[in-house]
1. Ignoring ligands, DNA and RNA, what percent of the accessible area of region 1-128 is carbon or sulfur (1.4 Å)?
2. Report, by chain and number, residues whose modeled amide H sits under 5 Å from the one on residue 216, excluding near sequence neighbours (fewer than 5 apart, same chain).
3. Report the calculated FRET efficiency for residue 78 and residue 27 (r = Cβ-Cβ distance, R0 = 22 Å), to the nearest 0.05.
4. Calculate how large, on average over all directions, the projected area of the Cα convex hull of region 116-227 is; give the answer in nm² to one decimal.
5. Of the residues 124, 292, 99, which exhibits the maximal mean-square fluctuation in a Gaussian network model of the chain defined by a 10 Å Cα contact cut-off?
6. Using amide H atoms built in the peptide plane, which far-off residues or other-chain residues are under 5 Å from residue 58 H to H?
7. If the chain between residue 199 and residue 53 were fully stretched, how many nm would it gain, using 0.36 nm times the residue separation less the Cα-Cα distance?
8. Once the Cα gyration tensor of region 10-117 is found, what semi-axes does its equivalent ellipsoid get, as square roots of 5 times the eigenvalues, in whole Å, sorted largest first?
Amino acid sequence: MNILVLNTLGKEVFETFFPQDVQDKLAEVGEVHYVSLEPGEELSTEFLKLAEKTEVLFTGWGVPCLNEDFYCHAKRLKLIAHTGGSVGDLASPELEQRGILLLSGNRYYAESVAQATICYMLLGQRRLYPILKKTEKDGWCSEVTTQGLRSKTVGLVSFGMIAKNVARMLQVFDCRVKVYSSHKLSDEELQVYGIEQCSAEELFRTADIISIHSALTDKTYHEIDAEKLSLVHDDALLVNTARGSVIDEQALIKELCSGRLRAVLDVFEEEPLPMTSPLRGLDNVVIVPHMGGPTTDVRRLVTLGLIDDVKRFAQGSMDLENQISMAYAKNMTSHAVTERRKHEIQEG
């Protein structure tokens, strides 16, 4: 089996996904070639030449557009294994027409992001960040009213893989978990995860903690608008580990500046968050520099999991644990949409 690994991460980050022992594992599966491209660099002649005999392509964050020219060369390609989470940008008519399979690290990433979400909920509920700052400044901090997760009503906006992990983790806190989803959840899902499906209005009106998990698409852009935010009750906590543009940030700023709500925000409409942003300096807001993604130690596990699937595929099995269906891929975050929205914001 001919395997091509495209490195768009740079040496240091690439080695967290492909340390030597992982490269050795991959070499057991077939003949492996490695090609590096700089971020934004177009597909090189070397890459396209190697693509002609490639059956399995490994990609990662920053993969350039695999255009018609690529697919004209990659006539033997059967499978793309993406070490990132979302494969929204890889979903294409060419893949569907040729039956090329997609794998991604989404299963591993989802659990890791869910851990961050729970961490942010606890951080916000315990008011830990301002307490630590005050303790560092004044030596000690006392007489602070804090909260936990026990028996709280938690609202999850969307119910993909990350939200499912969050719901599973919340079970130990005896939370009442409400879910707003654009598709009807099955009775099995409701029972397994101990959740109830509700309207967006009910979720925003009744939840003590609201956690955003929508992928960013044209449909979900500013899905959380001023009207929905106005429904949230005083002192509720909003956590966003999805994408900044899922929320109308200006509407959110207005609510947060009033002091009515609290938030832990891992993502923003413009990143890095401008120093002039009104979100900075608010006592009721914790700003995290997009650190809710998978922890570094997960990266090696992602690649090993993908390699296991490639081995199974090479042996004729279609039981692939990390396969992403084309229908699911089309609803995942598209970085093309992200960049377009970012430019629109910057241009005013």
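The values are calculated or read from the model by the stated rules, or taken from the named source; none is laboratory data. Treat the numbers as computed from the prediction; the structure is a model and nothing was measured. FYI the Cβ positions are ideal-geometry reconstructions off the backbone, even for glycines, and counts take in every protein chain you see. Note: areas computed on protein heavy atoms with side chains; ligands, DNA, RNA excluded. Shrake-Rupley method; radii C 1.70, N 1.55, O 1.52, S 1.80 Å.
1. Working: 2800 of 5670 Å².
The nonpolar share, carbon plus sulfur, comes to 49 percent.
2. Amide H neighbours of residue 216, under 5 Å, 5+ apart: 333, 334.
3. Numbers: r = 19 Å, r/R0 = 0.86.
Computed FRET efficiency for residue 78 and residue 27 comes out at 0.70.
4. Details: hull surface 34.4 nm².
For region 116-227, the mean projected area of the Cα convex hull comes to 8.6 nm².
5. Comparing 124, 292, 99 in a Gaussian network model of the chain, the most mobile one is 99.
6. Hits under the 5 Å cutoff: 4, 5, 6, 81.
7. Values: separation 146, 0.36 × 146 = 52.56 nm, distance 5.03 nm.
This chain segment gains 47.5 nm when fully extended.
8. Details: eigenvalues 102, 64, 42 Å².
Semi-axes, largest first: 23, 18, 14 Å.
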